1. Given a 1.4 Å probe and the protein chains all in place, what does the accessible area of B:Val90 round to, in Å² to the nearest 10?
2. Compare C:Asp91, C:Asp80, C:Asp38 by solvent-accessible area with a 1.4 Å probe and give them largest first, with all protein chains kept in place.
3. Between A:Asp38 and A:Asp179, with labels modelled 7 Å along Cα→Cβ, what's the label distance in nm to one decimal, could you check?
4. Taking 7 Å along the Cα-to-C-beta vector as the label spot, tell me the A:Gln192-B:Val21 distance in nanometres, rounded to one decimal.
5. Only bridges with both residues in chain C count here: give the DSSP antiparallel percent, nearest 5.
6. Just report the Cα centroid separation between the stretch A:195-217 and the stretch C:42-108, whole Å.
7. Would you work out what percent of the accessible area of chain B, with all protein chains in place, is carbon or sulfur (probe 1.4 Å)?
8. What are the nm distances, shortest first, from A:Lys18 to its equivalents in the other copies, labels at 7 Å along Cα→Cβ?
Amino acid sequence: MRSPAGPKNNGQKVRIGKGAVIDAGVLLGYQPSRGDSDQLIVGSGARVRSGSIIYGGSKIGQSMETGHNVIIREENEIGDNLRIWSNSIVDYGCQIGNNVKIHSHVYICQYTVIEDEVFIGPGVTLANDIHPGCPDALECMKGPCIKRGAQIGVNACVLPRVTVGEHSVIGAGSVVTKDIPAGVIAYGNPAQVICRIEDLNCTTGLRDKPYSHLIRSLKDAYTIG
Amino acid sequence: MRSPAGPKNNGQKVRIGKGAVIDAGVLLGYQPSRGDSDQLIVGSGARVRSGSIIYGGSKIGQSMETGHNVIIREENEIGDNLRIWSNSIVDYGCQIGNNVKIHSHVYICQYTVIEDEVFIGPGVTLANDIHPGCPDALECMKGPCIKRGAQIGVNACVLPRVTVGEHSVIGAGSVVTKDIPAGVIAYGNPAQVICRIEDLNCTTGLRDKPYSHLIRSLKDAYTIG
Amino acid sequence: MRSPAGPKNNGQKVRIGKGAVIDAGVLLGYQPSRGDSDQLIVGSGARVRSGSIIYGGSKIGQSMETGHNVIIREENEIGDNLRIWSNSIVDYGCQIGNNVKIHSHVYICQYTVIEDEVFIGPGVTLANDIHPGCPDALECMKGPCIKRGAQIGVNACVLPRVTVGEHSVIGAGSVVTKDIPAGVIAYGNPAQVICRIEDLNCTTGLRDKPYSHLIRSLKDAYTIG
């Protein structure tokens, strides 16, 4: 491990597990502006690439891997095996499970909940402010909840307080304005439920159904209105 | 104030007011490629976070605050209290008023006008080139005009020469292809006017109407066709 | 040329042509995680701005110019005169022709083909994974093909395996789900063909038709169904 740069990176501000590989030009334990910095805790086996900045006051599990210029702010609780690619931002106060993949150019807003095994595609934006400019916006602020195994396609956005159900797939460029049940394909602006994931067929000839392995785990888990 | 890095950051190229806090790894007065660099002028109380780059030849008011990796190019005139968050870009030749908030991953194109109190949500892209590839594109280039107090939702894009009216709110993921009058809610692809902001109700129970405080200032300011 | 930073930037890992101007804070020949790094080859006249990272194992032609914080990964073959602006990412395994312009905040996914003279607008996202989470996703992965002279408008996304035809123009905020023929204007979510480019009129009074110079080269090149 090379020594990270920045004035706050002393032993008290950052506790990082064994086996970390941290590029030069990474800032760990950056001081939040929202009050005193708590300790940044990162589990073993972290791989953090150049330009990334992780604030003090977040707790991240084992085997995190980042691309370049990733920003993870304070007060986040993040599980094991996070993969987060270049230029993505996790704002403060989020809860993120295990084995989550966040691709490039993603913005995860404050107070988002992302469960285990979720995939967030490139360019996705999550929102937490229903009526920007409302005088009660700070009190109202709440991000979406992306349930276990859900897949969010490229450049989609998910609106505040919306839940995307377990193993559901949101198509590229969608604007998700309402809750999406578990186990469905949904897309469009606004996103509409199109079919169950078990009804989707492979279009490239590699297999019969892309999500056949999930059908058993989803039985009785969803309904389509 | 720590000393900013880079070969152009001498006293002649950058004039910055009192009380600035500039992280290591910031470039101030970066040399534009479009001719000789003029001076960068920044008012008092600036807070510029690591990775940000502000070109020579822009003039920025007091109390600017940036996130990380913000890029502000040359020939911009920017008022007081700009808040601009991580990874956002202001291209050259823009006019930006006071108390403007530009969130993360935003692209403000050349020759954009943004009036006071505007909010630009995460992932918003503004455009200035109606017909990319047209031989007259350079001459034709003109950004949108976002009027006072307008709110642009996440991942929206606003097309060239479009005006978004005073205190209007553009919903997430919208594509704004035509002028939007003052004081309305508009969304969709293409964006359509949905209602007046005074007709919008709070959906989280915190208050009656999110924009009731604006109604008086907007009386007689708009019509919906 | 100032010396680029980083541990891998020795003569064996990076071969760069004459006349390069490389800012401090650039990483050339960054080590890919996907196996041993091959040499990074960059032609003469490169201009690489601060914060940009170009991986080992890519081959780039003459006169490349980048903005800041550009990331170009391994196994890319890129022609002459690439212009790629700030915060854009080219993932691995792409083929990019000559005179291509990639604007800001763009994500070019793995295994994309971009032909000569293409323009990719700010905030565009290309996708290569039809059904994210499918167990065969790695084998299936294939990006779009953007044919010669096509113009992709701001914040559009183009889905996997889709071809955008020669000199076609994709409107802002479009979601391109199916092949687009040559020489047409298409937009919307999902993108629909609207007209031939020769039928489009200038709306700012600078000329008669923005794409009249292309009509001869496109005769007999396309049909609209």
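The values are calculated or read from the model by the stated rules, or taken from the named source; none is laboratory data. Treat the numbers as computed from the prediction; the structure is a model and nothing was measured. Every residue, glycine among them, receives a Cβ derived from its backbone with ideal geometry; neighbour counts consider all protein chains shown. Heavy atoms of the whole protein, side chains included, go into the accessibility calculation; ligands, DNA and RNA do not. Shrake-Rupley method; radii C 1.70, N 1.55, O 1.52, S 1.80 Å.
1. Approximately 0 Å² for this residue.
2. I get C:Asp38, C:Asp80, C:Asp91, largest accessible area first.
3. Between A:Asp38 and A:Asp179, the simple spin-label model gives 2.9 nm.
4. For A:Gln192 paired with B:Val21, the spin-label model returns 5.1 nm.
5. 10
6. Measuring centre to centre over Cα atoms gives 36 Å.
7. Accessible surface attributable to carbon and sulfur in chain B totals 46 percent.
8. Here A:Lys18 shows inter-copy label distances of 5.4, 5.5 nm.
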